[in-house]
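What follows is calculated from the coordinates using simple rules that are stated; it is not laboratory data. Computed from a predicted structure; not experimentally measured. Here Cβ is always computed from backbone atoms with ideal geometry, including for glycine, and neighbour counts include all displayed protein chains.
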Amino acid sequence: MATWREALDELQSLWNRERAASTARLQAQRAGVPLSARVLAGDAVRRAEVVEVAAAPGDRTLLWLTAPDLDRARIGPGDPVRLWWTEPDDESAQRATVARYRRGQLGVMVDGEVPDRLLNGHFNVDRDDPQATFERGDKAIAAFRDAPGKTDEGRLRQVLWGDLAPAIESTPAWTPFDAGLDLSQMEATDTALRAREIALVHGPPGTGKTRTLVEIARQLAARGETVLACAMSNVAVDNLAERLTDAGVEVVRLGHPARVAPAVEARSLDRLIEHTEGYQLARSWMADARQLRHKIEAKRARGTLGRDERLEMHREARRLEGDARAQLRRAQASILEHSQVVLSTAAGADADLLAKRRFDVLLLDEATQAPDPVALVAMQRAAKVVMAGDPEQLPPTVLDQEAERAGLGRTIFERMAKRWPLTVRMLNVQYRMHADLMAFPSASRYQGKLEAHPSVAAHRLEELPGVAADPLRDAPLVLIDTAGKGWDDAQEQPGGSSYNDGQAARTEAEVRRLLGRGLAPTDLAVITPYDAQRRRLVDALADAVAEGLEIGTVDGFQGREKEAIVVDLVRSNAQGDVGFVSDRRRLNVALTRARRFLMVIADTATLGRHADFAAFLEVVEARGAWISAWTDDAPPFDA
């Protein structure tokens, strides 16, 4: 077994490979593609200029930009971008993060002071690779490698890569705040409270993982302990923040305003600061600085601005902007100092505004999606870690396949669960799926341990208001078998994303039959593993999409659910190429999003050659309905 030092050195090497792969992919996307073509594709903006400057928390500056092609841009909130003059990869380019859009303007966040060159004249905007995440991972790896043995990081390092067994201690009796917790949720909470270094909550689909984390956070807060709650995605962080707020816990949500859901925006640091006296002062000083810069431009245009006066006015503007940022830093420090529960993404846990702040406990949701360096970014903030996730769902996203196989695709959660099983508690009562929908994932992924709660075990679509029963699709689980129809898949060029026009048409017909039963579009989603197929379905069902129907890829539905789900698996070919179905974890995600009704549209002659899908077919035969596309063409629903 490798020493902890060798393990961390190897992790750094794999992280470097992943950084190189990320940079190479972005450069390949730009190579040979002129700026005009990138603008037409919505991946870049040309001739942008700054029209407004505002101070923002975290020693950042918000720049509002205008540009002739801004309405075409597909650059979204949270995306890293480069502001450049010569080439996107030139050293003079300025890194920034897209904040939000407003009235034909694009807001971008820049760290620290803004170069004068950005404030005078035009520049271009291109997507950037997420270097900040890689740099934070580097720092976290170094922090654990260099930590003295008696520190919190040193002790945790010995648990993660050394020979120190994590301790489960006795703890004072506790009474649940949430009286509705089931036994497995109570046991997971108890283990988390008693663990000295680390505890793991294994949460299969629909088993109340977030509910359990909320209980753990409430118990810790009641004891006076400080909590940092993180997840890989902003969606999961917002979900946790909303649930904690609803439970009466006062939280502070860190992160760019554009990445924060409206439901928790009031608890974001940016919004909380707006109610402070320091914010009002900072806003006034930034306005004075803008007026000074306007005066500089006006005098320059009239030819009445001397060199000494220009330099002095620039110095005064920068002084005002610096004072504004300092005032905001004091205001945010005061808020964070008195905050017991703070939330951020795992990568965002290294935000400068937290300075050297440490917490008693880290709650890390989506831990099975977090590459080790990103998990360590959050772990270096706390003495104790409670991780929650499900190794049978989506893994970390790793671009470099060799790095993934060498270990970057396997998470700390997975390794700890195997090495220290006493730290793991699995939630086993699921509150989402009809029992027939639960049967296959329970048997194939969770050792048959899942139990459907009585409230969902037999619920059906026709129990929803206004939804009629369908005698031709009477089971909660339905398979539409397209074998032999000749609907062969194909691949887009360039890119290679798979699509199947024949199967897309059948998926459209099945969706319209479901809607014809009276099902609300907002209660239905279509999942397909390939973006090329997704685009075809979005075009075909544009009217239903406008009314709330969701059509997305598997990764976008992790952690989500709908009353009804249609899964279009696309692949149909003589070679037996199953594509997506070979990924056990993504198939598991696709088949566990539905509450009351799941339809899978697939060519069983192609996909049935894979063992996992063959096992699923057995469950369909036992608990569901098998329908041949030859004998049923999905006619419009007739009540």
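Kirkwood hydrodynamic radius, the range 60-176, all distinct C-alpha pairs: what's the number in Å? Please report the intermediate quantities before stating the final value.
On the way: mean 1/r = 0.0556 Å⁻¹.
Evaluated over the range 60-176, this radius sits at 18.0 Å.
Does the range 112-211 come out rounded, prolate or oblate, given a ≥ b ≥ c as the square roots of the eigenvalues of its C-alpha gyration tensor, rounded meaning a/c under 1.5 and, failing that, prolate meaning a/b above b/c?
oblate
Whole number please: convex hull volume per residue of the Cα set in the range 20-82, in Å³? Each step should come with its number before you reach the end.
On the way: hull volume 6.7 nm³, N = 63.
Dividing the Cα hull volume of the range 20-82 by its residue count gives 106 Å³.
Using the Cα centre of the chain as origin and beta-carbon charges of +1 (Lys, Arg) and -1 (Asp, Glu), tell me which of 185, 553, 529 is placed farthest towards the positive end of the dipole.
185
So what is the relative contact order of the range 481-546, in percent, for Cα pairs below 8 Å that sit 6 or more residues apart?
Relative contact order for the range 481-546 comes out at 32 percent.
Report relative contact order for the chain in percent, whole number only (criteria: Cα-Cα under 8 Å, sequence separation at least 6).
13 percent
Mind ranking 197-205, 428-436, 572-580 by how tightly packed they are, going by the mean number of other C-beta atoms within 10 angstrom, highest first?
Listed from highest to lowest mean packing, they are 197-205, 428-436, 572-580.
Once the convex hull of the alpha carbons of the chain is built, what does its volume come to per residue, in cubic angstrom?
Hull volume over Cα atoms, normalised by residue count, gives 174 Å³.
State, to one decimal in nm, how far the label point of residue 71 lies from the label point of residue 490, with both points 7 Å from Cα in the Cβ direction.
Placing both labels 7 Å beyond Cα along the Cβ direction yields 3.3 nm.
Please give the length that would be gained between residue 611 and residue 116 if that part of the chain were fully extended, namely 0.36 nm times their separation in residues minus their C-alpha to C-alpha distance (nm, one decimal).
That pair, residue 611 and residue 116, stretches by 172.1 nm at full extension.
Report the normalised scattering of the range 466-602 as log10 I(q)/I(0) at q = 0.09 Å⁻¹, calculated by the Debye formula with identical scatterers on the alpha carbons.
Debye output, listed in q order: -0.24.
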